[in-house]
Amino acid sequence: MILLQTLSTDDNLMVDSLAIMDAGKGDIGLLDLLIKGGYMMIPLYALFVLAIFIFVERIITLRKAEKSPKHLMDQIKILVQGGHVEKAKILCQGENSPVANMIAKGLERIGSPLKNIEVAIENVGKIEIYKLEKNLNLLATVSGAAPMIGFLGTVAGMIRAFIGVAQEEGMVSPKLLSTGIYEAMITTAAGLVVGIIAYLGYNFLVSRVSKLVHNMEYTSIEFMDILQEK
């Protein structure tokens, strides 16, 4: 009796082990899922790479634009009030930043009416803002297009899945239907992931640009005050 119970227990353990092994075989890796997404995953891959490229390129550009001596305006004020305008120009030209480019243009217009100087600074500021916002609209487009492409891939996959079901004769295998559906849903998930990443990156970059633009406006006002005091 004890022997039979032992054998029965061993058989149950073996069945449980086989069930665990079978469950493990059913696990699908992330790469396999991405591959099973179908041809609609190709544009999503491209959009993901494009979003990452734009984000990294803009981050590098904005960091360079933010680099400016903390006491730049103090030095400009001392040089301008001392009549060393050329030295002030050289100082700005050596910085190659949006703020320095605006001040350099204002220094070139010294001697003209203050209104003309202000307009010249504003024009340079608009050009610099355009440079800072380069490709941000494209990143926003990616954030909106990626989910829609994902939904399109899902709809196309569902159509293929139901066409396959319609062509089956007799009983339809649940495995056939479920496999077609989850493969179709992969594109939706991938599209949402790419869209969310691009959307977050876009908003982060917009906030950085807004901070830079505010600094440019503040600096231009400060420069005009220096010219009025001269």
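Per-structure values
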item	result
FRET efficiency, TYR39 to LYS115 (Cβ-Cβ, R0 45 Å, nearest 0.05)	0.15
Under the Karplus curve 6.51 cos²θ - 1.76 cosθ + 1.60, θ = phi - 60°, whole-Hz ³J(HN,Hα) for segment 149-154, x wherever Gly or Pro sits	5, x, 5, 4, x, 5
Label-to-label distance, nm, for residues given as MET224 and VAL206 (7 Å Cα→Cβ offset)	2.7 nm
Backbone HN-Hα couplings from phi across segment 111-125 [Karplus 6.51/-1.76/1.60, Hz, Gly and Pro as x]	x, 8, x, 4, 5, 5, 5, 4, 5, 4, 5, 5, 5, 5, x
Segment 77-134, relative contact order in percent, only Cα pairs under 8 angstrom and at least six apart counted	25 percent
Percent accessible area from carbon and sulfur atoms, segment 87-230, protein chains only, probe 1.4 Å	62 percent
Per-residue HN-Hα couplings for segment 78-86 [Karplus 6.51, -1.76, 1.60; θ = phi - 60°; Hz; x = Gly/Pro]	5, 5, 5, 5, x, x, 9, 5, 4
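The values are calculated or read from the model by the stated rules, or taken from the named source; none is laboratory data. Nothing here was measured: the structure is a model prediction, and the numbers come from that model. Because the Cβ atoms are built from the backbone with ideal geometry, glycine has one as well, and the counts that use them run over all protein chains shown. Protein only, heavy atoms only, side chains kept; ligands, DNA and RNA dropped before computing areas. Shrake-Rupley method; radii C 1.70, N 1.55, O 1.52, S 1.80 Å.
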